[in-house]
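These notes concern the structure reproduced below.
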Amino acid sequence: MTLNKRYLRNVKENLSFYVAAAVLTVVALLLFYLFYIAGTGIKSYGDQFFIDNKLEDATFTTYVEIPDNEITNIEKKYNVTFEKEHYVNINEDGYKVRVFKRNKKIDLYEVIDGNDISNDDEIVISKGYAESEHVSIGDRLTIKGKEYKVTGYFLRPDYLYMLENTDDSYKNITSFFLAYMTDSAYDALEANSCQYKVVYSDDSDVTQFRKDMNEQYKINSYLAKDNNQRITMVDDQAIMFLIMAFVFLFTLPLITVALIAIIIGRKIKQEQKMIGTLSALGYTKSQLMQHYSVLAMIPGLAGGIIVTIITKIIQQPYGELSLADYEPMPVKFTLPIPIALIGIIIPTAIYMLEAAHKVSKLLKKDTVEMLNGNADGDSRTRHVLAGKKGKVRNKFALRSILANPGRSFVVFLGAFLGALMITVAFMFIDSINNVIDKGADSMGSFKYEYVLNRLKTDEVAGADELVIGKYEHNGSAFSLIGADTDVKYLNIDTEDGSRADISNGYYVTNVMAYAYSLKLGMNLHLSILLQWKKRKLQ
């Protein structure tokens, strides 16, 4: 009898095991593959798109307009790339359009479908709105009483996540879109707003630049790209997908592979009579280890190849589902060959090593014991609790746990992960219920809140006035609220129930204290963004 003849026979006899093991391997690796290709696809496309289309470092507005003839001097003095961007918001029946005049240096747009504009009666529009509202190339849209032919769809780097206003909570592609037209057509609109775009180099004097811009032109608002959700959403969600991929990698695949490896070990233990017979017939230890390693290789190799084929088939349509929150970016999703090879090699290698280890361990036993089927016992566990009083059931359970440490570890790990997921779910539910029940009341007892975007000195009877300014610390933005010491509608009670003395020092939220590692008595050096809003609580 040759060992080669046993491969097909063994597979037929244990077909259900091989199929189940291969399917489990496929399921375990599939989630990792899909989340991985989604994260890497979005991030690689976004990073390159930002470079190709000259993404800004910041956008700001001023109360005093910066003269065009000063722009070159500003660029030379502070070693920055600087550009004035012209745009206008126009409300039409059923939609709002933000028309831009084409930039030359920063935040360029890229036409991804159709053609760019060439005539004064043509426009290109953002693709998200076009797909959402079924606007086809060749259709006509009305902007300020004039019809324009849509010649193409575009993307621009600072609007890959389409927020109408930077403080909006979710994208708007149903009633808001961007448009470009020729410079002469834009000038004919006779309505204009401007903001300023800046890109810093490694040796730019950023602090002095911002200080001088404020002193000379009075900055109204300043938004760094790292605090701009239209930009950061690309990296944030891509990183989230990658985190989820590796979370799945260290839970489902590893647990599944470990479980299958344990089952393979038990299968080999059941083969001890055959292994003893083959050993008695003269087969060497290396031959038997190689034989059973090849058998153990089958579910890993089959599962790895199948999951790679499935992933290759569905990678593009699945990847496009991950773009639901973005503008329709033409991302090419693909499973990297090294990752596919890792998915095939690692489970296969673990299965083979486990099989070789079990065979090697069995061959250390007496051949007669293997032929009698008694070689799988572990004498070290037979004496656990020997001579101790107690129920036999409890002793037997403890010995079973100690005799199979690998299996016990997987069972305990599975129970731990299951309990952890349930606990986290209840934490989310409890947190949401707490926000609903107590969150609104913790802010204060006011009924109305008015946000004023311009300076106003008139007092409003029966209202508290708040001034809110945005600041930066270590590149992160937060809001600072100013209020009178006798403010009555805003809740300024501390954790112990006493009223905060805001006339002497500052109070921060628990979240901010945790984020910046703040302690009582610490000093904080702040950079003002100069984006002030006056609010009234009533």
| request: Give me the distance in nm between label points sitting 7 Å out from Cα along the Cα-to-Cβ direction at SER16 and VAL64, one decimal. | output: 8.5
| note | Exposure proxy check on THR457, THR256, THR182, THR166: fewest-to-most Cβ neighbours within 10 Å is THR457, THR166, THR182, THR256
| request: Work out the FRET efficiency for ASP484 and ASN220 from their Cβ-Cβ distance, taking R0 = 25 Å, and round it to the nearest 0.05. | output: 0.55
| request: Report, by chain and number, residues whose modeled amide H sits under 5 Å from the one on GLU271, excluding near sequence neighbours (fewer than 5 apart, same chain). | output: none
| Amide H to amide H under 5 Å from GLU56: which residues, 5+ apart in sequence or cross-chain, H placed 1.01 Å off N in plane? | ASP107
| request: Just list whichever of LYS12/LYS269; LYS149/LYS171; LYS269/LYS361 have alpha carbons separated by over 20 Å in the model shown. | output: LYS149/LYS171
| said: For a test of the definition: using alpha carbon positions, the gyration tensor, and the 1.5 limit on a/c, classify region 145-294 as rounded, prolate or oblate. | reply: prolate
| said: What do you get for chymotrypsin sites (Phe, Trp or Tyr not before Pro) in region 467-519 restricted to DSSP loop and a cutoff of at most 11 other Cβ within 10 Å of the site's Cβ? | reply: TYR506
| Tell me, what HN-Hα J-couplings in whole Hz come from the Karplus equation 6.51 cos²θ - 1.76 cosθ + 1.60 at θ = phi - 60° for each residue of region 512-520, using x for Gly and Pro? | 5, 4, 5, 5, 9, 6, 8, 10, 4
| task | For region 212-227, just list the computed ³J(HN,Hα) in residue order, Karplus coefficients 6.51, -1.76 and 1.60, θ = phi - 60°, integers in Hz, with x standing in for Gly and Pro. | result | 5, 4, 5, 5, 8, 10, 6, 5, 8, 8, 9, 10, 6, 4, 6, 10
| request: Using label points projected 7 Å from each Cα along Cα→Cβ, tell me how many nm separate ILE422 and SER169, to one decimal. | output: 3.2
| Tell me, how many Å apart are the Cα centres for region 65-89 and for region 122-136? | 31
| task | Report the FRET efficiency, 1/(1 + (r/R0)^6), for THR277 and ILE342, where r is their Cβ-Cβ distance and R0 is 30 Å, rounded to 0.05. | result | 0.20
| remark: Final fewest-first order of VAL97, VAL80 on the 10 Å Cβ neighbour count is VAL80, VAL97
| query | If you average the sequence gap of Cα pairs under 8 Å that are 6 or more apart and divide by the length of region 448-520, what percent do you get for the contact order? | reply | 18
| If you stretched the chain out fully between SER517 and SER193, how much longer would it get, using 0.36 nm times the residue separation minus the C-alpha to C-alpha distance? | 112.6 nm
| request: Please report how far the C-alpha centroid of region 315-357 lies from that of region 142-184, rounded to the nearest whole angstrom. | output: 35
| said: At R0 = 22 Å, how high is the FRET efficiency between ILE436 and GLU495 if r is their beta carbon distance? Nearest 0.05 is fine. | reply: 0.60
| Among the listed pairs LYS76/LYS211; LYS104/LYS211; LYS285/LYS364; LYS43/LYS225, which are separated by more than 19 Å between their Cα atoms? | LYS104/LYS211
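Quick note: the coordinates plus some simple rules give every number you see, no bench work behind them. None of these values were measured; they are calculated from a predicted model. Backbone-built Cβ (ideal geometry, glycine too); neighbour counts: all protein chains shown.
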